[in-house]
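First up is the structure itself, then whatever we jot down about it.
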Amino acid sequence: MSNIIKKEGYNYSFDASACSACSARCCTGESGYIYVSTQEIEKIANFIGLDTEEFMQKYLYKNGYKYSIKERKIGESYECAFYDRVSNGCTIYEARPTQCITFPFWDYFKDRVDELKLECPGIIDA
Ligand code: SF4
Ligand code: SF4
């Protein structure tokens, strides 16, 4: 069953039903930043039952003035620290950062649809 999502201002659509057959290419693969805001840091720490300091030390690193979630290196691939291979899902799904919620509708991809299509099999021409 298809579940097509469109968003104003984007010249592509997203078929969310593609996720079930995809090995979470948006959470794995090439290394990338997974930014979290101060509020998101508190929300995730709370969600997994760690105090903020401990959570930040264990799961985040700083890039400039922003914090990003750490990745694990598996062979030549990288995956988000919260990606679970067994369930092929996100272990902090309910508290995942905005960057993950809004994917694949990022400003960055507005004029880089070909690049996005290589990463996400759910992208279709609008
Ligand atoms: S890369 Fe696209 S199709 Fe695959 S899990 Fe992520 S959003 Fe879904
Ligand atoms: S926080 Fe969850 S949705 Fe976001 S990259 Fe990590 S595993 Fe994927």
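The values are calculated or read from the model by the stated rules, or taken from the named source; none is laboratory data. These numbers were taken from a predicted model, which means no experiment stands behind them. Note that each Cβ is placed from the backbone with ideal geometry, even for glycine, and that neighbours are counted across all protein chains shown. Ligands, DNA and RNA are stripped out before the accessible areas are found, and what is left, the full protein with its side chains, is counted by its heavy atoms. Shrake-Rupley method; radii C 1.70, N 1.55, O 1.52, S 1.80 Å.
Quick notes on this one:
- Whole-Hz ³J(HN,Hα) from phi, Karplus 6.51 cos²θ - 1.76 cosθ + 1.60, for region 31-45, glycine and proline x: 5, x, 7, 10, 6, 10, 7, 4, 5, 5, 4, 5, 5, 5, 4
- Helix-only mean residue ellipticity at 222 nm for the chain, each DSSP H run of n ≥ 4 adding -39500 (n - 2.57), per residue, nearest 500: -6500 deg cm²/dmol
- Only Cα sites of region 4-60 enter the Debye sum here, all with the same form factor; the resulting log10 I(q)/I(0) across q = 0.18, 0.23, 0.25 1/Å is -0.86, -0.93, -0.96, listed in q order.
- If you take all other residues with their beta carbon under 13 Å from the beta carbon of residue 68, and give Lys and Arg +1 and Asp and Glu -1, the sum is +1.
- Inter-site label distance for residue 125 and residue 70 at 7 Å from Cα along Cβ, in nm: 4.5 nm
- For region 1-60, applying the loop criterion from DSSP together with a ceiling of 13 other beta carbons within 10 Å to the trypsin sites (Lys or Arg not before Pro) yields 7.
- Heavy-atom accessible area per residue - the chain, 1.4 Å, Å²: 65 Å²
- DSSP loop GluC sites (Glu not before Pro) with at most 16 other Cβ within 10 Å: longest gap in the chain: 77-126
- Neighbour cut-off at most 16 other Cβ (10 Å), DSSP loop, chymotrypsin sites (Phe, Trp or Tyr not before Pro), region 4-110: 33, 65, 106
- For region 1-44 versus region 84-100, the spacing of their alpha-carbon centroids is 10 Å.
- Separation of the residue 38 and residue 7 label points, Cα + 7 Å toward Cβ, nm: 2.5 nm
- In Å, descending, principal axis extents of the Cα set of region 29-120: 41, 28, 25
- Tally of Lys pairs whose C-alpha atoms are under 20 Å apart, taken over the chain, 8 or more apart or cross-chain: 13
- For the chain, carbon and sulfur atoms together expose 51% of the accessible surface, with a 1.4 angstrom probe and every protein chain in place.
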